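Colleague: Here you go, one structure.
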Amino acid sequence: MEVLFQILLILLFARLLGEATERLGLLSIVGEISAGFIFAFLLRPTNTEVFGFFAELGAIFLLFTAGYREVHLKDLEDTSIKALIPTVFQIFVSFSFGFLIGRIFGFGYIESLFMAVAFSPTSISVVIRTLIDSDYLSSKAGSLMLTSTIFDDIIGIFLLSIVVSLANSNQLLPGTSVMGISFRIIVFIIIMLLLGLKILPFAFGYIQKMHTRESLFSFVIIVALFCAYLSQVFGLHPAIGAFLGGVILSDLPFAKIDVIQKEVNGLAYGLFTPLFFAFIGFSVEMAINATSVLFAISVVVMALLAKLIGGFVGTKLIGFDNVDSLIFGVGMMPRAGVELVIISIGRQLGVIREEIFSAIVLMVIVSIILSPFMLERAIRYKESIMSSMQEPVSADTGQ
């Protein structure tokens, strides 16, 4: 009964503080993380196994929902080739910065690799929200940014699957073992493709004919949990399989029905995902010494700079002007869900210490607060330039 009360209390804290931060113009994730920290500070609970289980389900449904709702494979066709160069470039810079800062501060190879992977993705939700608020989603830089954030998550999940396999072995493996890991990942992806191309279309066609009202919703949840379990069977984290399962369903018309998406979204963001973010705040180690403060500041600065530099240079390579390249680079800076899943996995496996965990959480919070403001300012700067260029033309026309 005590555990049930704690789950009730933490969910209430997460909802209230999430609402408060939303009203302040920030994402609810900031309030949910804060709720977990306050909960731990006030109650100091000792039995956290059930809480941890709900948090793991939160990670699974967070990535499943990201793949199911936010990845639109058919929409990527027009901009995918053009987005590939800036995407790969900014991920390479971010990955390199993350790994180097880990090594500079004396962390091991596996810990540094987890940092490198956590530096790599970009938050789809933060980028979409800012682009919509700024009326910039349909622009050249905006559409490229959206495609790149989707590629970011896909590549980040692939990198995570490799690093998790390395971490499970507790060492850097020889070439033959790395080939074995890659083969296992490839086999898993092939099975997932067969599911998406052959099995699931047939299954959903049959499910639609069932009389039970919630059959379709139930089957979507079953697919999410099955893909998560299958991923675990292949030595990967369940959240990786959940993400790929969501991507597969996103391309199936029978499965991607607006009503079902809203129900899945309600389950994920109404229950499991707030508990995951609250568990992040609950788990943050606040006993930071002077060296840790320097490390945390370095992580925040270098993570944001890596995306800015990589995005700017990458888009210059495909012919963007300086202002659009700046907008793209700033737009790649925010982090949120996937990064927190990555460090949570590393912490769960016991391969990253509290210092890294806390620093990445701080980086995510700072990026959520700072990046939308900087992106909006960059967009307004471009609009002012465009307006100043059009004024002389308007004056000449009037004459």
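The values are calculated or read from the model by the stated rules, or taken from the named source; none is laboratory data. Since we're looking at a predicted model, the values are computed, not measured. Virtual Cβ from ideal backbone geometry, glycine too; neighbours counted across all protein chains shown.
Colleague: How many residues does region 9-26 contain that are part of a helix (DSSP H, G or I) and either at pLDDT below 85 or surrounded by 15 or more Cβ atoms within 10 Å (Cβ to Cβ) (or both)?
Modeller: 11
Colleague: Restricting the search to region 227-272, which residues are free of Cβ contacts under 8 Å to residues at least 24 places away in the same chain and more than 18 Å from Ala167 (Cβ to Cβ)?
Modeller: The answer is Tyr229, Pro253, Asp258, Val259, Lys262, Gly266, Gly270.
Colleague: Can you tell me which residue within region 97-112, out of those that are assigned to a helix (DSSP H, G or I), at pLDDT 90 or above and of a type in the set (A, V, I, L, M, F, W, C), is farthest from Ile150 (Cα to Cα)?
Modeller: The extreme case among them is Ile104.
Colleague: Looking at region 352-361, which of its residues are surrounded by fewer than 21 Cβ atoms within 10 Å (Cβ to Cβ) and either without any contact (Cβ under 8 Å) to a residue 60 or more places away in the chain or farther than 11 Å from Phe295 by Cα (or both)?
Modeller: Of everything in region 352-361, those that are surrounded by fewer than 21 Cβ atoms within 10 Å (Cβ to Cβ) and either without any contact (Cβ under 8 Å) to a residue 60 or more places away in the chain or farther than 11 Å from Phe295 by Cα (or both) turn out to be Arg353, Glu354.
Colleague: Scan region 358-390 for residues that are over 20 Å from the mean Cα position of the chain (by Cα) and at pLDDT 80 or above and report the count.
Modeller: Of all residues in region 358-390, those over 20 Å from the mean Cα position of the chain (by Cα) come to 376-390.
Right, trim to at pLDDT 80 or above and you get 377-382, 384-385.
Within region 358-390, residues that are over 20 Å from the mean Cα position of the chain (by Cα) and at pLDDT 80 or above number 8.
Colleague: Now for a separate question. Considering only residues that are out of contact with any Leu (no Cβ under 8 Å at 6 or more places or on another chain), outside any helix (DSSP H, G or I) and surrounded by 17 or more Cβ atoms within 10 Å (Cβ to Cβ), which ones fall in region 288-333?
Modeller: Answer for region 288-333, where residues must be out of contact with any Leu (no Cβ under 8 Å at 6 or more places or on another chain), outside any helix (DSSP H, G or I) and surrounded by 17 or more Cβ atoms within 10 Å (Cβ to Cβ): Ile288, Phe320.
Colleague: Oh, and also: Touching a helix residue (DSSP H, G or I) at 6+ places or on another chain (Cβ under 9 Å) and at pLDDT below 90: does that describe Ile345?
Modeller: Criteria met by Ile345.
Colleague: In region 292-320, which residue that is polar (S, T, N, Q) and in contact with an Asp or Glu (Cβ under 9 Å, 6 or more places away or on another chain) is nearest to Lys140 (Cα to Cα)?
Modeller: Thr315
Colleague: Which is at pLDDT below 90, within 14 Å of the chain's Cα centre (by Cα) and of a type in the set (Asp, Glu), of Glu285, Glu339, Glu355?
Modeller: So the residue among Glu285, Glu339, Glu355 that is at pLDDT below 90, within 14 Å of the chain's Cα centre (by Cα) and of a type in the set (Asp, Glu) is Glu339.
Colleague: Taking region 334-351 as the region of interest, how many residues are in a loop (DSSP other than H, G, I, E, B), touching a residue at least 60 places away in the same chain (Cβ under 8 Å) and surrounded by fewer than 22 Cβ atoms within 10 Å (Cβ to Cβ)?
Modeller: Final tally of qualifying residues: 1.
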